[in-house]
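J.: Submitted below is the structure of interest, expressed as C-alpha cells.
The values are calculated or read from the model by the stated rules, or taken from the named source; none is laboratory data. Computed from a prediction, not measured in an experiment: that's the story for all the values here. Reconstructed Cβ throughout: ideal geometry from the backbone, glycine too, with neighbour counts over all protein chains shown. Calculation scope for accessible area: heavy atoms of the full protein, side chains included, ligands and nucleic acids excluded. Shrake-Rupley method; radii C 1.70, N 1.55, O 1.52, S 1.80 Å.
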Amino acid sequence: MSNADEREPLITPALPASRSGYGTGENARDAMSKFVVNNVAGESGRKLPQYIAGLAASGGALAAGTFLGWTAPTDKPLTVEGEYGFPISDEQFSWVGSISNLGAAMMCFPIGYMMKLIGRKWSMLAMVLPLLLGWLLIIFAENVAMLMVGRFFLGVGGGAFCVAAPTYTAEIAQPSIRGTLGTFFQLMVTVGILFVYAVGAGVDVQVLSIICGVIPLAFGVIFFFMPESPYYFVEKGRYSEASSSLKWLRGAQYDENAEIEDLKQADEKVKAEAIPMLVAFRQKATLRALAISLGLMFFQQLSGINAVIFYNSAIFASANGGKEMSSASIIVGGIQVVATLLASVVVDKVGRRILLLVSDLMMAVSTILLAVYFQLKQDDPAKVDDLSWLAVLAVCLFIAMFSIGYGPVPWLMVGELFANNVKAFASPVAGVFNWLLAFLVTKVFTNLKDAMGEAGVFWLFSGISLLGTVFVFLVVPETKGKSLNDIQRILAGEKLNDEPTVVSEQRDGEQDERPAQVA
C-alpha cells in the first residue's frame, strides 16, 4: 500500500488551510480586518495587480500540491514494478511518503522568523531551493535513502509555503477582495494534486518527477517580479518602499498615504499587545482555544484523510477495480477541487459548526461503507464481485465531505480562536501537531492494515469520526459573524448580549486564515 502526506491539505492544506501564527503577519491580518482603508463599496485603486500577485504566490501552493499527491500514482510502479531498478518494500515506501510531513512540521516555527527577517517574498523564493533539491534527489535516486531525503526536502519547502503564501496574499489584498484571494492557496493545492494524478496516469515516475520539479522553478521566475508585502516594509520602518509596493498593487494613481498610516497603527497595536508565552497560556480563553484547535487537528487527521486520499489507488486495486478504474484517482482529485471551491463559497453563509458536523458525520458514513465492503470481501470475495463501485463511491463521498468541512474549517478556526497577541506562538503549535499527526497516520497505515485488516482500519477511522462529531457538537463554538473580541469573551466563559455584532470588514478577511489542506 502507498503512503502520502497531505494537509491539507488537502486541504491542504487546508490546511489546510493557512498555518497561522508565524511572526506578526497573522496578527496584522486580524488588526487590519477591523478597518477599511477606503470605503469597501468604493475602494480606490486597481484590483487586477492584486489578483496577479495573489495567483503568483499561489504557484507555491501548486508546487506543494504536486508533492502531496505524488505518492498515489507512484506506489505501484516503485514497489511492485520496480521502475527505479532497486527494490522498495511497502514499509520503506511508507517512510518515503510520510517523512515529508516531518519536514513540513519542522518549518512551522522557522518560516515565521524568516518572514520577519527577510520578508514574505524572499522567504518564499528561498523555498524554491529545497523543493528543487528534493525533486533532483527523487529524479536521480539510486536507493531508498535518496528518495526519503528528497521527500523530506519537499516537505520543508511545501510546509513553508503553507505558511508564507496565505500570509503574503492576505497582506497585499484590499479588504473587498481579501477573502477571494484567500481561497486561491487551498484551491491551487487541490489543483496540484489533481495535476499529479492526471499526469501520473500517463508517464513513468521519473518523467512525472521532472515535470513536478519544473513547477517550483517556474514559480520562482514569475514570483521574482512580484512586490514585497507592504506590511513587511512598514514593520521595518521602510515607508518609501511600502509606498512603492502599494503603488504596484493598487495602481500608480492610488493615494497610498492613508493605507500606510493604517498599517502603522496595526503594527503598533500588535507590538503594544505582545505578552510572554507563559502568561498567555495561563489565560482561560487561550487554553480553551488551544484545546479546541488541537482537538480539531486530531479529528481531522485521525479521520483517515491521508490514508483515503493518498492510498486511493491501492484501495481501488484492492477493491478489484482493475483497468476500468484507472481514472478513479483523477475523478477523486476533481471532486476535491470542486468541493474545496464550494467550501470557500458557503463557509461564511452556513457557519463553521454545521459544516464540521455534516462533514465529520458523512466521513464516518463513508468509512463505514469502506469497512463493510472490505469485511464482505474478507468473508467471501465472491460477495463483492459486483460491488467494486461501493468502494469508489465511499472514497468519493469521503473526499467531498472532507474538502467541504474538516479540510479547510479547522485552519480557519485556528485563525479566529486565538487572540492577536498570542497567535505568533500558539498557532504554530497547532500546525506542528497537525503535520506530526499526518506523519503518524501515513506511516502506520500499512502496519495497521496488516495488523487489523482493511476492514478493521476503516472501522477504526469511522469510530474516530463519530467521536469527532460529538466533540464539535459539545465543545466547538460557532464563530461565524462574531468579532474577534466576542470570540475571546465566549472562550473565557462570558455570555454575549443578544444584539447582533456587525463585523462586515472582519468577514471580508475571515478566509485569510484558511490554509490547507491538506489533509
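J.: Out of all the residues in the stretch 342-358, is one or more outside any helix (DSSP H, G or I) and under 13 Å from Met413 (Cβ atoms)?
T.: Yes, that holds for at least one residue.
J.: Further question: Looking at the stretch 202-222, which of its residues are more than 22 Å from Phe86 (Cα to Cα) and open to solvent by 70 Å² or more (accessible area, probe 1.4 Å)?
T.: Answer for the stretch 202-222, where residues must be more than 22 Å from Phe86 (Cα to Cα) and open to solvent by 70 Å² or more (accessible area, probe 1.4 Å): Val214, Leu217, Val221, Ile222.
J.: Give just the number: which of (1) in contact with a Leu (Cβ under 7 Å, 6 or more places away or on another chain); (2) buried (at least 21 other Cβ atoms within 10 Å of the Cβ) does Met226 not satisfy?
T.: Of everything listed in (1) in contact with a Leu (Cβ under 7 Å, 6 or more places away or on another chain); (2) buried (at least 21 other Cβ atoms within 10 Å of the Cβ), Met226 misses just condition (1).
J.: What's the number of the condition Tyr239 fails, among (1) under 30 Å from Leu137 (Cβ atoms); (2) open to solvent by 80 Å² or more (accessible area, probe 1.4 Å)?
T.: Result: Tyr239 fails condition (1) only.
J.: Mind listing whichever residues of the stretch 40-72 are open to solvent by 30 Å² or more (accessible area, probe 1.4 Å) and farther than 30 Å from Gln253 by Cβ?
T.: Correct list: Leu62 only.
J.: Among the residues in the stretch 445-463, are any closer than 24 Å to Cys162 by Cβ, in the same structural domain as Leu296 (by the TED database) and surrounded by fewer than 21 Cβ atoms within 10 Å (Cβ to Cβ)?
T.: So far as the stretch 445-463 goes, no, none of its residues is closer than 24 Å to Cys162 by Cβ, in the same structural domain as Leu296 (by the TED database) and surrounded by fewer than 21 Cβ atoms within 10 Å (Cβ to Cβ).
J.: Among the residues that make up the stretch 377-391, is at least one of them surrounded by 21 or more Cβ atoms within 10 Å (Cβ to Cβ), of a type in the set (Lys, Arg) and within 30 Å of Glu273 (Cα to Cα)?
T.: no
J.: With the structure loaded, tell me whether Leu397 is open to solvent by 10 Å² or more (accessible area, probe 1.4 Å), out of contact with any Phe, Trp or Tyr (no Cβ under 8 Å at 6 or more places or on another chain) and assigned to a helix (DSSP H, G or I) or whether it fails that test.
T.: For Leu397, the condition - open to solvent by 10 Å² or more (accessible area, probe 1.4 Å), out of contact with any Phe, Trp or Tyr (no Cβ under 8 Å at 6 or more places or on another chain) and assigned to a helix (DSSP H, G or I) - is met.
J.: Does the stretch 127-134 include one or more residues that are closer than 25 Å to Val337 by Cα, open to solvent by less than 50 Å² (accessible area, probe 1.4 Å), in the same structural domain as Gln50 (by the TED database) and touching a Ser or Thr at 6+ places or on another chain (Cβ under 8 Å)?
T.: Taking every residue of the stretch 127-134 in turn, none turns out to be closer than 25 Å to Val337 by Cα, open to solvent by less than 50 Å² (accessible area, probe 1.4 Å), in the same structural domain as Gln50 (by the TED database) and touching a Ser or Thr at 6+ places or on another chain (Cβ under 8 Å).
J.: In the stretch 286-307, what residues are under 24 Å from Gly333 (Cα atoms), part of a helix (DSSP H, G or I) and among the hydrophobic types (A, V, I, L, M, F, W, C)?
T.: Matches in the stretch 286-307: Leu296, Met297, Phe298, Phe299, Ile305, Ala307.
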